[in-house]
Structures are given as structure tokens and as C-alpha cells.
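Visitor: Here you go, one structure.
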Protein chains: 2
Amino acid sequence: ISLKGDETKYPFPVIEDAKKRIEDVLEIDAKGEDNHVPRDPRLLRLTGAHPFNAEAPLSLLYDTGFLTPAAIHFVRNHGPVPKVQDEEILNWEISIEGMVQNPMVLTLRDLISEFTQYTVPITLVCAGNRRKEQNMVKKGAGFNWGAAGISNSLWTGAMLGDVIRKAKPHRKARFVWMEGADNPANGAYGTCVRLPWVLDPERSIMLAYKQNGCLLEPDHGKPLRVVIPGVIGGRSVKWLKKLIVAETPSTNWYHYFDNKVLPTMVTPEEAKANKEWWKDERYTVYNLNIQSIIVYPENRELMQFKDINSESNETYPVRGFAYNGGGIRVGRVEISLDRGKSWRLAEIDYPEDKYRDAGIFELFGGEVNVCERMSYLCWCFWKIDVKKIELKNAKDIVVRAMDENMCVQPRDMYWNVTSMLNNWWYRVAVQSEENGAIRFEHPVHATKGGNNGGWMDRIKAEGGNILSRTWGEKEGDDNQDENEG
Amino acid sequence: ISLKGDETKYPFPVIEDAKKRIEDVLEIDAKGEDNHVPRDPRLLRLTGAHPFNAEAPLSLLYDTGFLTPAAIHFVRNHGPVPKVQDEEILNWEISIEGMVQNPMVLTLRDLISEFTQYTVPITLVCAGNRRKEQNMVKKGAGFNWGAAGISNSLWTGAMLGDVIRKAKPHRKARFVWMEGADNPANGAYGTCVRLPWVLDPERSIMLAYKQNGCLLEPDHGKPLRVVIPGVIGGRSVKWLKKLIVAETPSTNWYHYFDNKVLPTMVTPEEAKANKEWWKDERYTVYNLNIQSIIVYPENRELMQFKDINSESNETYPVRGFAYNGGGIRVGRVEISLDRGKSWRLAEIDYPEDKYRDAGIFELFGGEVNVCERMSYLCWCFWKIDVKKIELKNAKDIVVRAMDENMCVQPRDMYWNVTSMLNNWWYRVAVQSEENGAIRFEHPVHATKGGNNGGWMDRIKAEGGNILSRTWGEKEGDDNQDENEG
């Protein structure tokens, strides 16, 4: 078994960038339990030094393109990263147990040699992406994510469905529990996913040991992890040790008390007092919901109008990305410059379709077979040219996406205790500056500390109501629109 | 082969009602091409005498319960109903052709004898359900549906996937085209569905010849139809004659030029002038989107307060139904009495789970095996007790549902040319009447003719803007809320 396989011809550009690895352990990590984990200093730490939870700066993520290198891929850890030596990789063992006829223990070597290997482009997203916006309205139970808790890589490994099929699940089995080798506060991290999804080739649920052609980084599950496309990142268990086939959902602490969207009227106090809320599987988050983000204009970006008059046709490419869950394609992205009264259709680029159109080919020791399915497992990129003069006259830019099931992002925030799956319209405010310039403001800016000039911070300081129809902007003229015919 | 099989023991009540059949041809149909089609006079005709398109009165539909009898099941016909004699039923032929290794011609007799038969509770919904609300804002291309373009029955027959699997589709096949025996204006009605869905047992896509234990009624596809759960009714081809396996979507006129949700900025004129809009498969509607409807209080219902003072705890059960597409469960239903500022959680009853819990049993010559899948293919019923005094003090009741993927109904109407999949919050307005009574108004009332006192009609007459934050109600005090902290 070769763990290299990097010589494969790749039909698209930029793979070399995506394979670039980080070698250095940062000073902040050197004295802690993660002192064996090399990390990219450009990542923004969201929870202090430890455990490591981080996202890339939004524009860096976007500018890097379709494939996110491991070095700037978002990270969500619950505790110290398990330490695995390179020479242990192939001997890493996982067990497949529970409601199966053939319980098994497999090494990673077995997984590679006994099962067909695939390489699949897959977008992972943290359920808490955009949580900071909810925390600005009312502090919930989780830490602040900006809008870059999302990344996209090529993952290589076996299909989980092939492994589970070989173990022969009982007819009554409905879930596959997963457990990692980490040991955070409430025991090994574990959760589950639905068995019918595991067995569905459209879902492409994987046991991956490579990311972008390189062996997994410690932060991303070295030496083996689950990768579940279209589902919140919290289900893609890293440092995988155990698969348990079962009739009911996982009883792991993290499965019960994390990764749920409780009804909006459940307060943090109520959620703490009444554990029953956490045991209702209807509130468990699996599939991601539809989402779109404006990247450019950036937060705090200044636009000058010195040489632009009101007749000018000069345009600015407003752009960003969008994604969705469950393998369902983003069908359209629309922006509004008049707070939802009218909408403009953006162009969408789906780089995943390049893989679909390329047919079957080998990459990193795995078969790329996107062409064999109809599902969409990756993010896409949207763009629309807008006259600069129109931006100057607008109070804001809002974006919303709709998926092929005609599910659309709502105008209203669905506040919830864990502040997950926040997907109300992404709004960039337009503020007047000196000399006729304008400055753009994103809702928030990802960092552990201050808010760096997002509009939510400003509205709160002004005493405005973020959830109002004007997002708390004091603008008398807007109230008149209410009853207009 | 017995076409009866009605003797089977059924573990739940009310099946006898659901099996009640209609024998009489109505006078309005007696002189037309549908003079062989018995119909229930309680159905509301939405497009005049012919073709027949109809829904039940909303409260009748709801009061009838989980199973909708064929007699009051909504009907969507594009032309005259094909005439099939009882003695021809078993000899009815369908062909399976296109990208398959084993093209076949099967009679209904073959379908019953050569394939495992199933009986499945399935909700069908017209893509145009609630279209009248969109037409009140701006007239689109379709006729007026109220909110009862939905019904739920037990369907019996073979799984389409079993049939297609036997025909051995090519590796590159992606769609199954379907064509009916009807002959409306633009040729036989035809459309398609995705092959991976057809092969997915969670989807339960059927070739059905019985509804609620009776042979199909002419309006519902006698003698054989496709039934595609979780997908708009327009894909469930009736009077089925042809299945064609293909690499690309159907080229049938009705597939291209119907059942799409074009982007909201596409006007009827633009849609007519530029056919390219209709060929973008991203806008083709397959899965239903999340929906909830208030049934009680009914439209025009009066609530008296003679014996009720402001301290009274007397409650009223606000209630209705909800549904979703793609096999995804409705996770929660919430109502608001303050226009979305705060929400209350309704109880949900999922009668489909009774079938799931009952295990495998025989019914109408088919196996009920809901217990073997995790998908939800049926509507559910919600209820919440509200103090009457609170209703009196409210301006309206709005309801929204969220599915298990955390897709939520939006506050904003997504107007589109075909006015399909309209799922903005369902709003019942509260109007003051004499003697302290209140009267409830639904948005519209289903009928071909007048609007029978829905609030949209009233707002239009008053010159209000239906799409404003107050739904066009003239209420000065609401404007103050905009900038409150």
C-alpha cells in the first residue's frame, strides 16, 4: 500500500496550492496538549488557545478558490488532538459492531486494500457557522463563528456504506453511531447518522484518510475520519475508532446535548432546566440548510466616487458563495438593494460540475466518480455586477439563495439556544463616508475579541433593534412604505 | 389475480369511510367528454366545467382525517379523462424503454403477479397549492388553488424501482420519463423523475392501481398511475402508458413549460418571450417545500365574547395541517400572535407513525412496510390551545413550519410566474365585529369566482400593500416598532 499516490494527473488547476502543508507548531500551542499539531497562523482562533476552533478570514477562504487547503480549513475540536505517529497510521484500528451479522475490526490498511477507494470533493460546514450574528441578538450556548466555518476539499478513502454493507446490518437497524479517539470533557466525542443515508451512493459518506492528496492533518482527524457531505460538520467524526450499528440514535453526550436547533421560544434557562428538549430527535440537526454569503464588498471596504458621476455605468462585482445540505443543488442566488422589495438574479458557477463532466478518473489513489451521481456536495460561487452608483444609493445589499427544492433563506433570524444553522438573509450595510465615499459593513467580523466594525455592533451601540424590518437602522422614510399600495 | 382484496384486517379506524365511492355522473359533466366520470358534488371546481380541476373545501378535507377518500381527493387534469372499461383493466399495457438492457411491455396483470405489491400511505400535493394568494398579488400563468390542493390516501401497487431495476438501466441513465394516455392540448402529458430517487426505497415511488383499497377512479388515473411521494403532484403521471429511461430530463411540452418556479423577477411577458428560462432544470420543481395551513378558525368564522371577560382562561384550539417534500419530516409548527416577534410551539400528531409502529402487515393485496424506512411521506396535524382573549387582542394568527433540515417557511412571498410552491406564512386576520365579537379571515377562499371575504380581497379593496410587513393593514402603531430596541 502506498500512502503517496500524488503523481496522479489532475485535470484542473490549483491542486498544488491545496496540497501545501504546514510544518510549524505555533508558539501558542507549544506548551499545551496540542504541541504536536502544526497550524497556520492565518486561522482566526475563536475560543482562545485551547481547544482549537478556528476559521479562515472570509476573503482568504474565498480567494483561495474551490479547494480549501487543510492549512486554512475550518477546525472544530472539543478537546486535545489525539497524537498519532506516522508509523502507526496503517495499523490504526476501527471496530464495526452492534446490530450487524459480521462484527469486524479493520485496520486502515484493510480499509485501503479491501474496499474500493474514492476521491470526492466535499464541502464541510460547521452547524454554528454565522453563530456570532445570533449571539449579537441574544447570547446562546455556543461560541462565535463568523461566516467562514465552511471549507471544501478532496477527500480520499472507502465509502462507509461499503464497509457497513460488508458487516451486514440487521433489518431493524436505522443508525450508524460513530466514536472518536479524542477525550473531551464529556467522554469520547460521538454521534450518529442515518443508515439509509450511509447506504445511499448519492450521499457519498466516506471513511477518509487523505485530504487533498495528503495524509490527514491532526486537526482533521489523523489518521482516519468520517466525512458526511451535506450534513453539519459535527457528524463527521474525526480520529475514528468505533462504528456501532443501532436501531436508535446515539446516546453519546455530544449527540444529545449539542448539534440541535431547539424551538426558538426555548430560552437558555429552559434548555438547561428541562433535558427533554434535548432528547427530541426532530430537533437534531443533520442536513445543512440553504445558505449564501456576501464576501465582496468586504467588511470595512471603502468605495470612492471621486471620478464617478451619477450617469456612470461603472460596475462592481458583488460576489460570494452559497451552499446547501442533503445533496440538493443551490438553484439560484438573488440580491436585493431595496430590502427585499425587488431582487436581481446572480450568476452561479458550480466548479463541482467540472468533476461531474470529467467522467471517471483516478486521483490520489481513489476513483473520482462524481459523474455517477446527481447530488451536489460542494459549495458554489455567485457573482453579479452592480453599478457603483446603485450601491451608493442603496442602504444595504442583502443576498438569499433558494435550493432546487424551492427552500429559500428566510428574512427572519431563527434564534435558537445553540445558535445553529443561522441562515437569515446575509446583509451588508452601506454607510456614507466623507467626500461622497461609502463604506460597507458585514454583520459581524469573526474573531474572539471585538466586533471590528460590523453593522450589528453599531446598531447595538445605537440602541436599535437588529430584528426589525430595517435591521435597526433609524430611517424615518422607510416606515411610510408599510401601507403603500 | 383478485382485484378485490378488501377483506384484509386493517389495524386503524376510518378505512371504511375512505373507501366510500361515488357512483353518479354530475349534470355538468353529462354532456361533455368526461361523461363517464363520477364525481363528488362537494368538490370545488377551479377551472369551470372542463378540464376538471378541483379541491375539497378546506374544513371538509381536514375533518375527514388522515385518509382522504378518492371522492374528495384533489384533481388536476389537463384534458378529457381517458375512458377505460373495467374488463380492460388487467390487460392495460405499459412499455419500459430507452436506456435499458431489457426493454419490456407489461400488462397490469404482469405488474401485479410478477412484482411484490405494497400498500403505502402517501400525501400528494399540487405544485399550485395556495396559488390564489399569489394571483391576488399579481396574476401569473395559472388558475386559482386555495389551500386544499393536497390529499392523502393508501396506494397499492408495485414499486417503480423494482420494475426499472428489472429492465436494467444503463450506467449513464439519470431520469425516468413517464407518459400518460390522455391527450390534452400539447400532446400526451409527460414528465420525468430522477432515477436515483426511483431506486431509493426511502422514496417509495409506486405504480399504483388501487387507492384506499378500490381500483383507481378515472380522475385518479384508472387503471394505472405513478405515485411519487414528497414530489409535486404534477410528476405523478396518471393513465400511465410509457416509461422511458434516459440520460437527460423529459422533452415533453408539459415538462418544459409547466411545474417550474422561475426566478421572481421573471415577469409573465419575459417568460413568454424567452424560452430559455423554461429549459433551466434548476427551476424545475420536484420536491415539495415545507408548508403549514391553518384550518380552524375557518374563513369568516365568528367568535363571540358575550360571556367571556378579560380574566377568562377559556381557550380555542387553533389547528391545521402541515406537510413537506423529499421524505423529510415536519419538525415543528409555530404560531405567532404578534406578527413574528414571538412564537408558540404547537403539538404535532403524525398518523403515519401509527403505520410505522404497526410493523409489516398485508392490506388490499399489498405489504405495508412503513416500518422499514425513515422517511415521512404523509401530512401531519398540528394544534395549539390559545386563550380566546388573546385571539381578540391579536391582529392575526400566522403559522410557519420548519422541517428536520431546519428549512423554515419564509415570511415573504416568493412570487413567480407559475405561482407554484407558495409557502409564505399562512395568515389568518382577526377583524372586530359588533358586540365585541371577532371574525377570522383566511387569505383567500377557494372557488373559481369571487373571493368570499378573504383578507387579501379586503386589503386590495382598501388599496393596501399585501406584501408589506403589516400585510397591508393600516395600523399606525406598528410603524413605531421599527426602531425599538
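Visitor: Go through the stretch B:353-400 and report how many residues are within 14 Å of chain A (Cβ to nearest Cβ), acidic (Asp, Glu) and surrounded by 15 or more Cβ atoms within 10 Å (Cβ to Cβ).
Guide: 3
Visitor: Take A:ASN274 and decide whether it is open to solvent by 40 Å² or more (accessible area, probe 1.4 Å), within 14 Å of chain B (Cβ to nearest Cβ) and polar (S, T, N, Q).
Guide: For A:ASN274, the condition - open to solvent by 40 Å² or more (accessible area, probe 1.4 Å), within 14 Å of chain B (Cβ to nearest Cβ) and polar (S, T, N, Q) - is met.
Visitor: In addition: Please verify whether the stretch A:310-321 includes one or more residues that are among the small types (Gly, Ala, Ser), more than 14 Å from A:PRO121 (Cα to Cα), within 25 Å of the chain's Cα centre (by Cα) and within 14 Å of chain B (Cβ to nearest Cβ). Working first, answer last.
Guide: First, the residues of the stretch A:310-321 that are among the small types (Gly, Ala, Ser): A:310, A:312, A:320.
Narrowing the set further to residues that are more than 14 Å from A:PRO121 (Cα to Cα) leaves A:310, A:312, A:320.
When the remaining residues are screened for being within 25 Å of the chain's Cα centre (by Cα), the result is A:320.
Checking the rest, the ones that are also within 14 Å of chain B (Cβ to nearest Cβ) come to none.
No, that holds for no residue.
Visitor: State yes or no: is B:ILE232 buried (at least 24 other Cβ atoms within 10 Å of the Cβ), away from chain A (no Cβ under 14 Å) and farther than 24 Å from B:ILE22 by Cβ? Explain how you work it out, then say what you get.
Guide: Numbers: buried (at least 24 other Cβ atoms within 10 Å of the Cβ): yes; away from chain A (no Cβ under 14 Å): no; farther than 24 Å from B:ILE22 by Cβ: yes.
Criteria not met by B:ILE232.
Visitor: If you don't mind, another one. Residues in the stretch A:418-448 that are within 30 Å of A:ALA49 (Cα to Cα) and away from every other protein chain (no Cβ under 14 Å): how many? Before you say what the answer is, go through the steps one by one.
Guide: Keep residues of the stretch A:418-448 that are within 30 Å of A:ALA49 (Cα to Cα), which gives A:418-423, A:426, A:441-448.
This time we only want the ones that are away from every other protein chain (no Cβ under 14 Å), so: A:426, A:441-448.
Selection size over the stretch A:418-448: 9.
Visitor: Something else: Please specify each residue of the stretch B:27-63 satisfying the condition of being in contact with a Ser or Thr (Cβ under 9 Å, 6 or more places away or on another chain), open to solvent by 20 Å² or more (accessible area, probe 1.4 Å) and either aliphatic (A, V, I, L, M) or under 23 Å from B:CYS380 (Cβ atoms) (or both).
Guide: Taking the stretch B:27-63 as the starting set, the residues that turn out to be in contact with a Ser or Thr (Cβ under 9 Å, 6 or more places away or on another chain) are B:44-46, B:53-56, B:61.
With open to solvent by 20 Å² or more (accessible area, probe 1.4 Å) added as a condition, the list becomes B:44-45.
Within the stretch B:27-63, B:LEU44 is the sole residue that qualifies.
Visitor: On to the next question. What do you reckon, is B:ASP349 within 14 Å of chain A (Cβ to nearest Cβ), surrounded by fewer than 16 Cβ atoms within 10 Å (Cβ to Cβ), touching a residue at least 24 places away in the same chain (Cβ under 8 Å) and farther than 16 Å from B:VAL428 by Cα? Please lay out each step first, then the result.
Guide: On the way: within 14 Å of chain A (Cβ to nearest Cβ): yes; surrounded by fewer than 16 Cβ atoms within 10 Å (Cβ to Cβ): yes; touching a residue at least 24 places away in the same chain (Cβ under 8 Å): yes; farther than 16 Å from B:VAL428 by Cα: yes.
In short, yes.
Visitor: Within the stretch A:160-174, does at least one residue satisfy the condition of being more than 14 Å from chain B (Cβ to nearest Cβ), aliphatic (A, V, I, L, M) and out of contact with any strand residue (DSSP E or B) (no Cβ under 7 Å at 6 or more places or on another chain)? Write out each step before concluding.
Guide: Start the filter on the stretch A:160-174 by keeping residues that are more than 14 Å from chain B (Cβ to nearest Cβ), which leaves A:160, A:162-168.
Narrowing further to those that are aliphatic (A, V, I, L, M): A:160, A:163-164, A:167.
Now drop any that are not out of contact with any strand residue (DSSP E or B) (no Cβ under 7 Å at 6 or more places or on another chain), which leaves none.
For the stretch A:160-174, residues more than 14 Å from chain B (Cβ to nearest Cβ), aliphatic (A, V, I, L, M) and out of contact with any strand residue (DSSP E or B) (no Cβ under 7 Å at 6 or more places or on another chain): absent.
Visitor: Any residue at all in the stretch B:281-292 that is among the acidic types (Asp, Glu) and within 9 Å of chain A (Cβ to nearest Cβ)? Lay out the reasoning, then the answer.
Guide: First, the residues of the stretch B:281-292 that are among the acidic types (Asp, Glu): B:281.
So of that shortlist, the ones also within 9 Å of chain A (Cβ to nearest Cβ) come out as B:281.
Looking through the stretch B:281-292, at least one residue is among the acidic types (Asp, Glu) and within 9 Å of chain A (Cβ to nearest Cβ).
Visitor: If I filter the stretch A:178-202 down to residues being open to solvent by 50 Å² or more (accessible area, probe 1.4 Å) and within 23 Å of A:GLU114 (Cα to Cα), which single residue comes out as farthest from the other protein chains (Cβ to nearest Cβ)? Give the derivation first.
Guide: First, pick out the residues of the stretch A:178-202 that are open to solvent by 50 Å² or more (accessible area, probe 1.4 Å): A:179, A:183, A:185-186, A:199, A:201.
This time we only want the ones that are within 23 Å of A:GLU114 (Cα to Cα), so: A:179, A:199, A:201.
On the way: A:GLU179: 22, A:LEU199: 9, A:PRO201: 8 Å.
Out of the qualifying residues, it is A:GLU179.
Visitor: Output the residues belonging to the stretch B:401-415 that are open to solvent by less than 10 Å² (accessible area, probe 1.4 Å) and within 9 Å of another protein chain (Cβ to nearest Cβ).
Guide: Going through the stretch B:401-415, the residues open to solvent by less than 10 Å² (accessible area, probe 1.4 Å) turn out to be B:401-403, B:406, B:409-410.
Passing the criteria: B:MET402, B:ASP403, B:MET406, B:GLN409, B:PRO410.
Visitor: Six or more apart or on different chains, Cβ atoms under 8 Å: show the pairs whose first residue is in the stretch A:148-162 and free of Cβ contacts under 8 Å to residues at least 60 places away in the same chain and acidic (Asp, Glu) and whose second is open to solvent by 10 Å² or more (accessible area, probe 1.4 Å) and assigned to a loop (DSSP other than H, G, I, E, B).
Guide: A:ASP162/A:PHE115; A:ASP162/A:THR116
Visitor: Which of the residues belonging to the stretch B:126-149 are of a type in the set (A, V, I, L, M) and in contact with a Gly (Cβ under 6 Å, 6 or more places away or on another chain)? Steps first, answer last, please.
Guide: Of the stretch B:126-149, the ones of a type in the set (A, V, I, L, M) are B:127, B:136-137, B:141, B:147-148.
Within the stretch B:126-149, just B:ALA127 meets the criteria.
Visitor: Quick check, is A:THR251 without any contact (Cβ under 8 Å) to a residue 12 or more places away in the chain and more than 26 Å from B:SER342 (Cα to Cα)? Let's see the steps before the verdict.
Guide: Working: without any contact (Cβ under 8 Å) to a residue 12 or more places away in the chain: yes; more than 26 Å from B:SER342 (Cα to Cα): yes.
Yes, satisfied.
Visitor: Same structure again: For the stretch B:299-340, which residues satisfy the criterion of being open to solvent by less than 30 Å² (accessible area, probe 1.4 Å), part of a loop (DSSP other than H, G, I, E, B) and over 30 Å from A:THR284 (Cβ atoms)?
Guide: Scanning the stretch B:299-340 gives B:ASN299, B:PHE305, B:ILE308, B:SER312.
Visitor: Continuing with the same structure: Look at B:ALA173 and say whether it is in contact with an Asp or Glu (Cβ under 8 Å, 6 or more places away or on another chain), in a loop (DSSP other than H, G, I, E, B) and open to solvent by 10 Å² or more (accessible area, probe 1.4 Å).
Guide: Working: in contact with an Asp or Glu (Cβ under 8 Å, 6 or more places away or on another chain): yes; in a loop (DSSP other than H, G, I, E, B): yes; open to solvent by 10 Å² or more (accessible area, probe 1.4 Å): no.
Judged against the criteria, B:ALA173 is not a match.
Visitor: Within the group B:VAL163, B:VAL120, which residue is surrounded by 18 or more Cβ atoms within 10 Å (Cβ to Cβ) and part of a helix (DSSP H, G or I)? Before the answer, list the steps.
Guide: Working: B:VAL120 fails: part of a helix (DSSP H, G or I).
On inspection, the qualifying residue turns out to be B:VAL163.
Visitor: Another one. Pick from the stretch A:325-340 the residues that are in contact with a Leu (Cβ under 8 Å, 6 or more places away or on another chain) and farther than 19 Å from A:ASN152 by Cα: which of them is farthest from the other protein chains (Cβ to nearest Cβ)?
Guide: A:LEU337
Visitor: I've got another one for you. Scan the stretch B:64-73 and give yes if some residue there is touching a residue at least 12 places away in the same chain (Cβ under 8 Å), closer than 24 Å to B:ARG319 by Cβ, open to solvent by less than 50 Å² (accessible area, probe 1.4 Å) and in contact with a His (Cβ under 9 Å, 6 or more places away or on another chain), otherwise no. First the steps, then the outcome.
Guide: Looking only at the stretch B:64-73, we keep the residues that are touching a residue at least 12 places away in the same chain (Cβ under 8 Å), and these are B:64-73.
If we keep only those that are closer than 24 Å to B:ARG319 by Cβ too, we end up with B:64-69, B:71-73.
With open to solvent by less than 50 Å² (accessible area, probe 1.4 Å) added as a condition, the list becomes B:64-69, B:71-73.
If we keep only those that are in contact with a His (Cβ under 9 Å, 6 or more places away or on another chain) as well, we get B:73.
Yes, some residue in the stretch B:64-73 is touching a residue at least 12 places away in the same chain (Cβ under 8 Å), closer than 24 Å to B:ARG319 by Cβ, open to solvent by less than 50 Å² (accessible area, probe 1.4 Å) and in contact with a His (Cβ under 9 Å, 6 or more places away or on another chain).
Visitor: I've got another one for you. For the stretch A:1-104, please list each of the helices (runs of 4 or more DSSP H) lying entirely inside it that holds at least 1 residues being modelled with pLDDT of 95 or more, of a type in the set (Phe, Trp, Tyr) and over 15 Å from A:HIS220 (Cα atoms).
Guide: Details: elements: A:15-19, A:27-30, A:58-64.
Here the list reads A:58-64.
Visitor: Right, something else. Among (1) of a type in the set (A, V, I, L, M, F, W, C); (2) at positive phi; (3) surrounded by 15 or more Cβ atoms within 10 Å (Cβ to Cβ), there is one condition B:VAL14 misses while meeting the rest; what is its number?
Guide: The one condition B:VAL14 does not meet is (3).
Visitor: Considering only residues that are out of contact with any Pro (no Cβ under 7 Å at 6 or more places or on another chain) and in a loop (DSSP other than H, G, I, E, B), look in the stretch B:341-361 and name the one that is nearest to B:PHE66 (Cα to Cα).
Guide: Selected residue: B:PRO351.
The values are calculated or read from the model by the stated rules, or taken from the named source; none is laboratory data. Computed from a prediction, not measured in an experiment: that's the story for all the values here. Backbone-built Cβ (ideal geometry, glycine too); neighbour counts: all protein chains shown. The accessibility values were calculated without ligands, DNA or RNA, using every heavy atom of the protein model including side chains. Shrake-Rupley method; radii C 1.70, N 1.55, O 1.52, S 1.80 Å.
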